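Note sheet for the following structure.
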Amino acid sequence: MLRIKIARATWRTLSRLAPFARVALLSCIALLPQALCAGATGAATAPPRHAAVAAPDEFGARTAMEVMKHGGNAVDAAVATAFVLAVTYPEAGNLGGGGFMMIYEHGKGSFLDYRETAPAAAKRNMYLDDRGEVIKDASVIGPRAAGVPGTVAGLWAAHQRYGRRPWRGLLQPAIALARDGFAASSPLARRIEDARGSYAGLTNFDRYYGQVRAGERFRQPELAATLERIAAHGADGFYHGRTSQRLVAQMRPAGLITLRDLAGYKVKWREPLTADWRGMTLLTAPLPSSGGFALIELLRMHDALGAQFAGLGHNSAQYVHLIAEMEKRVFADRAEYLGDPDFVHVPIEKLIDPDYIARRAAEVRPHEISPVGSVKPGLAEGMHTTHFSILDADGNAVANTYTLNDWFGDGVVVEGAGFLLNNEMDDFSAKPGVPNMYGVVGGTANAIEPGKRMLSSMSPTIALKSGHVVLVAGTPGGSTIFTSVFQTMLNIYDFHMSAQQAVAAGRFHHQLLPPDRIVYSICCALSSESIAGLRALGYNPQPSAWEFGDVQAIVVDDDGTLSAGSDPRGRGQAIVETMTPR
Ligand code: DON
């Protein structure tokens, strides 16, 4: 018998909302039955089944659950949630960005790549000055930092292939929240306040978001109208007609995206990167994400070093050291080999080959730090993204990570359409060896080329046992994404933490450069013993400058127990509910 754990009780959700937010959410949910219920069937005698969601805010989480309660599957729930987050989580939820969706539906995994692409007019050296130096913030702020957005095409493609409920209905919660407004949370108001300074005088960010105050209703009428066009015309409502014209007009004076770029944008269906790990089949992100490769390399290196890890305490100095040694090697490989597989040949099979990984693991120095210069690629990457995980009552799952890159992207709002544009161009390597905003470097494999997808770290991941979903997980965090997913998995499978404990636990991160620096979660520092032990080894452990990661995970235990956890670093919510047979 399935037991249910509710990470944050569903019934508390509405009571925690300010009254007007409650009205807005209820009104949008009220739209769902009309939009979603028609034609729903189901045997009244079916046993109770359960569905789960972990999402970065309560609007997203509630929307997913309501869609599933009204006959939608995990993909329907994902589509509706992604549109809602574009309204209520504007720092990362988006129409003007891109992402990846891992789908497990009727026993088959598929990976939807709706990553942004470089505009046709992009040039390899477009962010370098006359002396060949990287121009500060050129790939980060303003219209020139934006790649061709993929989100709307992605959600449309996912729905076309897997959706069960009508498209138009799935957009109604987002439209209602944009039109009628919602109560801005304090974390959202704080993030906006922080961002205003960086965009001041450079973009129109302040005009659209400057009036947001915690607890006050925030309405976005232009965004509501854009969503209406998408609801009415599908992806064409974004890539053609008024929305596309407004977007291109917003490119002046420096941006590169043209109507032709928009009309030509295509999603890619890719095979998930798969790996066996401890009796599970992992379905994780293939290129152009580095995340899946890195997650597999880390998990397999960890197990190859099993004897070294035996008995080590969670986040003890030695545990952190071994993982930092592994992470060095992963980041060296990432910088050298990885880029868009449609443009560069990447020896991915070799990089996840168990023998190769065993050899990399053997290079780990158990009691001392490998100097940065000695860690070479083994064969001959602020801050902002968001993730949600959904498991429906039929066992179908979606792990979706999408992003504007930095919080609020390039700070440019498309006037007349009300949405922010990404600054994903910064994920390319502007110049070999020069770190991007996440401090990661890259080489020619990730150089800018027209139409190319920039290398990502996003790692939406689903794990299966005997064909059944046992884990749905992912997080934002730039270059810390796959190291956070990796640590969450070890927390679950080695330290036997619950889903909520696993996402909440303190994390750390090392990425080869800067040398010997280990950053750890601000909320939950490493213990003083671990810090002293790491200093004795020669590391420079320090609290991260930003609270990395907002892990959203759903876990199914061996006994069938379903649980979900939403990282307390964010403002998310995890819900597990019984689905009433329809
Ligand atoms: O694709 C990537 O790897 C980055 N653009 C992700 C950015 C991100 O996670 C920001 N979140 N905190």
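The values are calculated or read from the model by the stated rules, or taken from the named source; none is laboratory data. Everything numeric in this text was worked out from a predicted model, so none of it was measured. Here the Cβ is made from the backbone with ideal geometry for all residues, glycine too, and neighbour counts use every protein chain on show. Quick note on the areas: whole protein, heavy atoms, side chains included, nothing else; ligands and nucleic acids left out. Shrake-Rupley method; radii C 1.70, N 1.55, O 1.52, S 1.80 Å.
In this structure, is A361 part of a helix (DSSP H, G or I) and either surrounded by fewer than 23 Cβ atoms within 10 Å (Cβ to Cβ) or not assigned by TED's automatic domain parsing to the domain that holds I296 (or both)?
Working: part of a helix (DSSP H, G or I): yes; either surrounded by fewer than 23 Cβ atoms within 10 Å (Cβ to Cβ) or not assigned by TED's automatic domain parsing to the domain that holds I296 (or both): yes.
Judged against the criteria, A361 is a match.
Conditions tested, residue by residue: (1) in contact with a strand residue (DSSP E or B) (Cβ under 9 Å, 6 or more places away or on another chain); (2) closer than 21 Å to T386 by Cα.
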{"position": "A146", "(1), (2)": "yes, yes"}
{"position": "W167", "(1), (2)": "no, no"}
{"position": "L170", "(1), (2)": "no, yes"}
{"position": "S186", "(1), (2)": "yes, yes"}
{"position": "R191", "(1), (2)": "yes, yes"}
{"position": "D194", "(1), (2)": "no, yes"}
{"position": "A225", "(1), (2)": "no, no"}
{"position": "E228", "(1), (2)": "no, no"}
{"position": "H233", "(1), (2)": "no, no"}
Pairing a residue in the stretch 472-492 that is among the aliphatic types (A, V, I, L, M) and open to solvent by 10 Å² or more (accessible area, probe 1.4 Å) with any residue that is in a helix (DSSP H, G or I) and more than 10 Å from the ligand (Cβ to nearest atom), where Cβ atoms lie under 7 Å and the two sit 6 or more apart in sequence or on different chains, gives I492/A502
Quick one: which residue in T13, T81, T41, T45 is among the hydroxyl-bearing types (S, T, Y), modelled with pLDDT of 95 or more and either at negative phi or in a helix (DSSP H, G or I) (or both)? T81
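Would you be able to say whether some residue in the stretch 410-419 is more than 18 Å from T151 (Cβ to Cβ) and at pLDDT 95 or above? Talk me through it step by step, then tell me what you get.
As a first pass, look at the stretch 410-419 and keep what is more than 18 Å from T151 (Cβ to Cβ): 415-416.
Subsequent filtering for residues that are at pLDDT 95 or above retains 415-416.
Scanning the stretch 410-419 turns up at least one residue that is more than 18 Å from T151 (Cβ to Cβ) and at pLDDT 95 or above.
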I'm trying to understand the selection: among the residues of the stretch 274-293, which are more than 14 Å from L490 (Cβ to Cβ) and not in a loop (DSSP other than H, G, I, E, B)? T274, A275, D276, T281, L283, T284, S289, G291, G292, F293
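State the number of residues belonging to the stretch 109-136 that are part of a loop (DSSP other than H, G, I, E, B) and within 16 Å of the ligand (Cβ to nearest atom).
Residues flagged as part of a loop (DSSP other than H, G, I, E, B) and within 16 Å of the ligand (Cβ to nearest atom) within the stretch 109-136 amount to 4.
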When W407 is evaluated against the numbered criteria (1) away from the ligand (no atom under 16 Å from the Cβ); (2) open to solvent by 30 Å² or more (accessible area, probe 1.4 Å); (3) not basic (K, R); (4) not in a helix (DSSP H, G or I), which criterion, by number, is the only one it fails? (1)
Selection within the stretch 134-160 - modelled with pLDDT under 95 and open to solvent by 70 Å² or more (accessible area, probe 1.4 Å): K136
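Does F388 satisfy the criteria of being in contact with a Pro (Cβ under 8 Å, 6 or more places away or on another chain), of a type outside the set (A, V, I, L, M) and part of a strand (DSSP E or B)?
yes
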Single condition A399 does not satisfy, out of (1) within 17 Å of D550 (Cα to Cα); (2) away from the ligand (no atom under 16 Å from the Cβ): (2)
Do we have F238 as over 24 Å from K350 (Cβ atoms) and open to solvent by less than 10 Å² (accessible area, probe 1.4 Å) here? yes
Which residue is farthest from the ligand (Cβ to nearest atom), if the candidates are limited to the stretch 445-470 and must be out of contact with any Gly (no Cβ under 9 Å at 6 or more places or on another chain) and open to solvent by less than 10 Å² (accessible area, probe 1.4 Å)? A463
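Which helices (runs of 4 or more DSSP H) sit wholly inside the stretch 475-541 and have at least 1 residues that are among the small types (G, A, S), in the same structural domain as A317 (by TED's automatic domain parsing) and under 24 Å from E297 (Cα atoms)?
Working: elements: 481-493, 499-504, 528-537.
Qualifying helices (runs of 4 or more DSSP H): 481-493, 499-504.
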Residue match in the stretch 302-316 (condition: surrounded by fewer than 23 Cβ atoms within 10 Å (Cβ to Cβ), under 30 Å from G60 (Cβ atoms), aromatic (F, W, Y) and more than 16 Å from the ligand (Cβ to nearest atom)): no
Within the stretch 183-191, identify whether any single residue is among the hydroxyl-bearing types (S, T, Y) and buried (at least 17 other Cβ atoms within 10 Å of the Cβ), and answer yes or no. yes
Flag for P371 being open to solvent by 10 Å² or more (accessible area, probe 1.4 Å) and out of contact with any Pro (no Cβ under 8 Å at 6 or more places or on another chain): no
Scanning the stretch 410-444 residue by residue, those surrounded by fewer than 21 Cβ atoms within 10 Å (Cβ to Cβ) and either acidic (D, E) or assigned to a helix (DSSP H, G or I) (or both) turn out to be E415, T444
Per-region count, the stretch 214-240, residues over 26 Å from the mean Cα position of the chain (by Cα) and either within 24 Å of R161 (Cα to Cα) or part of a loop (DSSP other than H, G, I, E, B) (or both): 5
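Yes/no matrix, rows are residues, columns are (1) more than 24 Å from the chain's Cα centre (by Cα); (2) open to solvent by less than 20 Å² (accessible area, probe 1.4 Å); (3) within 16 Å of the ligand (Cβ to nearest atom):
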{"site": "M497", "(1), (2), (3)": "no, no, no"}
{"site": "A502", "(1), (2), (3)": "no, yes, no"}
{"site": "G506", "(1), (2), (3)": "no, yes, no"}
{"site": "P515", "(1), (2), (3)": "yes, no, no"}
{"site": "C524", "(1), (2), (3)": "no, no, no"}
{"site": "R535", "(1), (2), (3)": "yes, no, no"}
{"site": "A545", "(1), (2), (3)": "no, no, yes"}
{"site": "G549", "(1), (2), (3)": "no, yes, yes"}
Based on this model, can you work out whether L391 counts as more than 30 Å from F218 (Cα to Cα) and within 11 Å of the ligand (Cβ to nearest atom)? no
